[in-house]
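Trainee: Sharing a structure here in structure tokens format.
The values are calculated or read from the model by the stated rules, or taken from the named source; none is laboratory data. Quick caveat: nothing in here was measured; it's all calculated off a predicted structure. Positions of Cβ are backbone-derived with ideal geometry, glycine not excepted, and every protein chain shown enters the neighbour counts. Ligands, DNA and RNA are excluded from the accessible area calculation, which covers all protein heavy atoms including side chains. Shrake-Rupley method; radii C 1.70, N 1.55, O 1.52, S 1.80 Å.
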Amino acid sequence: MSFTDTSRPPSQGDRRRWFALAIVMTAAFMDLVDVTIVNIALPSLRADEGATLSQIQWITAGYALAFAAGLITGGRLGDIHGRKRVFLLGMGGFTIASVLCGLAVNPEMLVASRILQGAMASLMVPQVLSIVHATFPAHERGRVFGLFGAVVGLGAVSGPLLGALLTQGDLFGLGWRSIFLINLPIGLAGLILGRAYITESRAPRALRLDLVGVALVTLGLLMLVYPLTRGHELGWPLWGHLSMAGSLVVLAVLVAYERRKSARDGSPLIELSLFRVNSFAAGIAVQAVFGIVMGIFFLVWTLYLQTGLGWTPLRAGLTGVPFSLAVSVAAAVSVQRLVPRFGRKVLQAGALAMAAGVLLYLWAADRYGLDITEWQMMPGLVVMGAGMGLIVAPLTDAILSGVPREHAGAASGLISTMQQTGNALGLGLVSVVFFGVIGEPVAPERIGAAYAEGFRHSLGWVAGGMVAIFLLMFVLPRRPSHDTEEAAVPEPRTAGEPEPDLVG
């Protein structure tokens, strides 16, 4: 099986690439909105369906886990069978899974449908960055990633607001179900337009799917995340600790197997040579820690606002608007104006700003207690949002700056995998940093105080995570470089030929 090299970007006069960009950005927007829209509706869903705390965690963590387990495979499937084809397959499956979520008759069916939705997203999402990487030349990508950051901000704004309006508005009597069914018209439009405007691209040499690698990745993640998510509810049994320790052994076996497979036929699931690119290796670590702290913050924040403070979904959704607007504005200017001038310092400033915003929020929550208002939360949220915006867009560009276009799908799959794995770990850690503090069950008269205490404790973990990210960023290159990109695309290797040196 072989392919011709269709990974070169189209000519700059081809306007179709901008229509294609809008379509894949819509898919990224749909995925991001789906995560944030679900968070805001979780307390209502728990009340209406009688979902347990473990099921609430799995509605979010199940999606993240399926997403993380399939992302590397999704990126490689795009390299093998065509990024457009796999993107459209994933978008169609995501739309169907969204409908199943909206029609769920019990929490168990909803959790299963969310896992399916995450699996379909793992086919769709990695194609976004790889299609951009294969479609646009290096000098245009700064502008493109700036737009990507703006879309992230817009999705962060739209998700909580849409979730609040749909849930509290009880559209057509659907309640929380409408937050999933809203994906149906968006998905259908994306499928129709995607077929018309996205140009097909695939890897320039023969590749095969690494099924053993897929199995090892999935097993390792399940052994790590499942006991972490269920541990608090089950009283942290011995088998959970053994499973988490065993996951490290499975991941070590995966690395050894991938190294052998790369030497044998040059078609591993994970391109280990990518980790010799300093910007990629450091950026992957940053993505993982960032996913952990964000997984903790957003779930705990939702429970704190609606269950602890007793706010309505709409009030909670509106409270997040200043944060989301700050993300959008900062992301839009960071790549275009700040990174070209200050380089890595922009990302480090973002990490410190997020830590400062968390501490400011912690101070306000401690001072005002259960009487805290949206206005008293706003300074911390705005500072946090601005810091996040300084990180999200330039970090992606920094990670991919030294990656050969041939490995765009594999690299983007690894980037998203580490972020989603971190997110799933963060959601699992909620059992430790939040529920482990408040204890369960909580007497009705103590719910507010207990949730506020758990929230403040969780914020300390988030601030510590941002300091760790700041330190990791010292390993990133001072400035992303695309100067030798064309030379970075290696010739196809024969089986047994050593990996090319990608450093520099």
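Trainee: For G231, state whether it is touching a residue at least 60 places away in the same chain (Cβ under 8 Å), closer than 22 Å to V433 by Cβ, assigned to a helix (DSSP H, G or I) and among the small types (G, A, S). Don't jump to the end; show me each part of the working.
Mentor: Working: touching a residue at least 60 places away in the same chain (Cβ under 8 Å): yes; closer than 22 Å to V433 by Cβ: yes; assigned to a helix (DSSP H, G or I): yes; among the small types (G, A, S): yes.
Yes; evaluated as a whole, the condition is true for this residue.
Trainee: Would you kindly identify the helices (runs of 4 or more DSSP H) lying entirely within segment 267-365 that contain at least 2 residues that are within 23 Å of R456 (Cβ to Cβ) and among the small types (G, A, S)? If you could, list the steps in order and put the result at the bottom.
Mentor: On the way: elements: 278-303, 313-319, 321-333, 339-342.
Those helices (runs of 4 or more DSSP H) span 278-303, 313-319, 321-333.
Trainee: Within segment 13-31, take every residue that is at pLDDT below 80, in a helix (DSSP H, G or I) and among the charged types (D, E, K, R) and give me the one that is surrounded by the most Cβ atoms within 10 Å (Cβ to Cβ).
Mentor: R17
Trainee: Which of (1) without any contact (Cβ under 8 Å) to a residue 60 or more places away in the chain; (2) farther than 24 Å from Q419 by Cα is the odd one out, the single condition L103 does not satisfy?
Mentor: Here L103 clears every test but (1).
For (1) surrounded by fewer than 20 Cβ atoms within 10 Å (Cβ to Cβ); (2) touching a Leu at 6+ places or on another chain (Cβ under 6 Å); (3) within 30 Å of P441 (Cβ to Cβ); (4) not acidic (D, E), each residue gets a yes or a no:
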{"site": "H232", "(1), (2), (3), (4)": "no, no, yes, yes"}
{"site": "H241", "(1), (2), (3), (4)": "yes, no, yes, yes"}
{"site": "V255", "(1), (2), (3), (4)": "yes, no, no, yes"}
{"site": "P268", "(1), (2), (3), (4)": "no, no, no, yes"}
{"site": "L272", "(1), (2), (3), (4)": "yes, no, no, yes"}
{"site": "V286", "(1), (2), (3), (4)": "no, yes, no, yes"}
{"site": "V293", "(1), (2), (3), (4)": "no, no, yes, yes"}
{"site": "F298", "(1), (2), (3), (4)": "no, no, yes, yes"}
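Trainee: For L390, are the conditions met, namely being more than 19 Å from F148 (Cβ to Cβ) and either part of a helix (DSSP H, G or I) or open to solvent by 30 Å² or more (accessible area, probe 1.4 Å) (or both)?
Mentor: No; evaluated as a whole, the condition is false for this residue.
Trainee: Considering only residues that are outside any helix (DSSP H, G or I) and surrounded by fewer than 16 Cβ atoms within 10 Å (Cβ to Cβ), look in segment 200-228 and name the one that is modelled with the lowest pLDDT. Show your work before the answer.
Mentor: Initial filter on segment 200-228 (outside any helix (DSSP H, G or I)): 200-210.
Adding the requirement that they be surrounded by fewer than 16 Cβ atoms within 10 Å (Cβ to Cβ) leaves 200, 206, 208-209.
Details: E200: 82, A206: 51, R208: 72, L209: 75.
Among them, the one singled out is A206.
Trainee: Criterion first (more than 26 Å from A330 (Cα to Cα) and assigned to a helix (DSSP H, G or I)) does A398 satisfy it?
Mentor: So A398 does not fit the description; no.
Trainee: Is it true that some residue in segment 235-243 is hydroxyl-bearing (S, T, Y) and either in contact with a Ser or Thr (Cβ under 6 Å, 6 or more places away or on another chain) or within 29 Å of M388 (Cβ to Cβ) (or both)?
Mentor: For segment 235-243, residues hydroxyl-bearing (S, T, Y) and either in contact with a Ser or Thr (Cβ under 6 Å, 6 or more places away or on another chain) or within 29 Å of M388 (Cβ to Cβ) (or both): absent.
Trainee: Residue under question is V382, and the condition is that it be closer than 17 Å to M473 by Cα and either in a helix (DSSP H, G or I) or not small (G, A, S) (or both); does it hold?
Mentor: No, not satisfied.
Trainee: With the condition being under 30 Å from L305 (Cα atoms) and within 16 Å of the chain's Cα centre (by Cα), I'd like the helices (runs of 4 or more DSSP H) fully within segment 73-176 carrying at least 2 qualifying residues.
Mentor: 107-135, 138-169
Trainee: Tell me which residues, restricted to segment 181-199, are surrounded by 15 or more Cβ atoms within 10 Å (Cβ to Cβ), assigned to a helix (DSSP H, G or I) and touching a Leu at 6+ places or on another chain (Cβ under 8 Å).
Mentor: L181, L191, G194
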